[in-house]
């Protein structure tokens with residue numbers, strides 16, 4: 001199981017592959033035709049065997065709640081042209097889909113809380129077997145929170161046949177449009193987790209403004225993001241990048257797009273709320289939902305999602321496709337991790353930052369819609385409230401927020417590391 005202090009290297013791998021294409025004149029790759037198609041999913045009572053027509057390279061799995069499911073991602077596999085009917089009591093349905101050209105997903109709907117036991121890929125790479133073990137509701141929720149478990153192919157499995165493919169060397173032109181990626185600071189160990197901090201608003205979008213002293217949200221969020229960055233860099237435990245380090249405007253898709261392109265393990269968007277009621281105060285943590293959890297969350301979503309619309313022109317060019325991402329199981333895994341971090345942030349930062357009683361809310365916020373990056377929006381307080389505005393604008397307040405966020409991040413990745421170690425030791 002890979003968690004926490006080991007970075008997700010998928011984005012880095014893609015960048016290195018592009019560089020290799022530009023430099024190499026001859027390369028060795030796996031033949032596409034060698035991928036194994038799913039030939040069957042046999043379910044007998046609590047035992048499951050997924051069979052393939054050819055060898056596969058590995059697999060991973062994670063649990064999902066509401067409804068309860070097991071999701072299997074199989075590397076080097078292609079889906080079959082039909083679905084498979086379960087024959088046991090533990091599984092109610094078996095579904096499949098193709099995540100990308102080289103990875104198939106099989107989803108098992110559970111009748112009751114359960115987890116995976118004794119997973120094994122056959123020596124020839126042509127089957128994956130495991131047991132479905134009943135657990136309590138509490139244990140199931142704990143397993144959901146652990147995220148993805150990886151099943152490696154056997155060490156003695158024969159290597160996949162390779163083909164030598166001649167390629168023509170061509171230069172890769174610079175991207176004509178778009179923004180450059182920010183610098184990654186902190187630890188020089190590329191295996192350390194990467195946290196991307198997003199300072200909300202900026203440029204011609206000031207965000208919320210305090211009516212009495214003119215304090216602007218875009219200035220406050222940048223100062224807080226920089227304080228968090230400095231605190232994390234000082235700890236040396238993680239790598240960190242800011243979506244913006246000056247007063248510039250980014251559309252919402254660019255913000256979470258930076259996190260995705262960098263392969264971030266965690267994305268935190270910093271904001272300062274505002275309300276008609278000047279007495280409203282305290283911090284709130286938002287995670288993604290298709291429907292807001294209350295009227296206030298809906299109001300916030302409406303205000304923040306309009307940040308791309310300037311003088312009636314939609315700067316983000318948003319389509320309805322983004323909303324459909326929510327149904328993807330990969331994003332549901334990210335949502336579970338995001339909600340867990342939201343609770344952790346309140347617990348660890350509460351000694352430094354005053355929170356609202358109902359500190360965790362759900363909202364359909366565009367900036368949180370990266371499907372594969374755990375993400376939160378941290379409303380650090382109300383800029384419309386005199387006391388909160390003074391706290392947010394002060395160096396002391398910004399340092400307290402930074403310490404609270406850094407503590408939560410440390411515990412978050414330490415917890416992931418402990419879970420990974422426990423799984424490896426068991």
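Just so it is clear, none of the values below were taken in a lab; they were calculated from the coordinates. None of the values given here were measured: they were computed from a predicted structure. Positions of Cβ are backbone-derived with ideal geometry, glycine not excepted, and every protein chain shown enters the neighbour counts.
Summary of values
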item	result
Average silhouette area of the range 350-426, convex hull of alpha-carbon atoms, in square nanometres	7.3 nm²
Burial order of peptide ranges 237-243, 269-275 (average beta-carbon count within 10 Å, highest first)	269-275, 237-243
FRET efficiency, residue 275 to residue 394 (Cβ-Cβ, R0 22 Å, nearest 0.05)	0.60
Fewest-first ranking of 140, 62, 52, using other Cβ atoms within 10 Å as the exposure measure	140, 62, 52
Taking 92, 115 and counting other C-beta atoms within 10 Å, the order from fewest to most	92, 115
Contact order relative to length of the range 35-154, as percent, for alpha carbon pairs under 8 angstrom and 6 or more apart	29 percent
Packing rank of 120-127, 366-373, where each peptide gets the mean count of other beta carbons within 10 Å, highest leading	366-373, 120-127
Hull volume in cubic angstrom per residue (convex hull over the Cα atoms of the range 35-154)	89 Å³
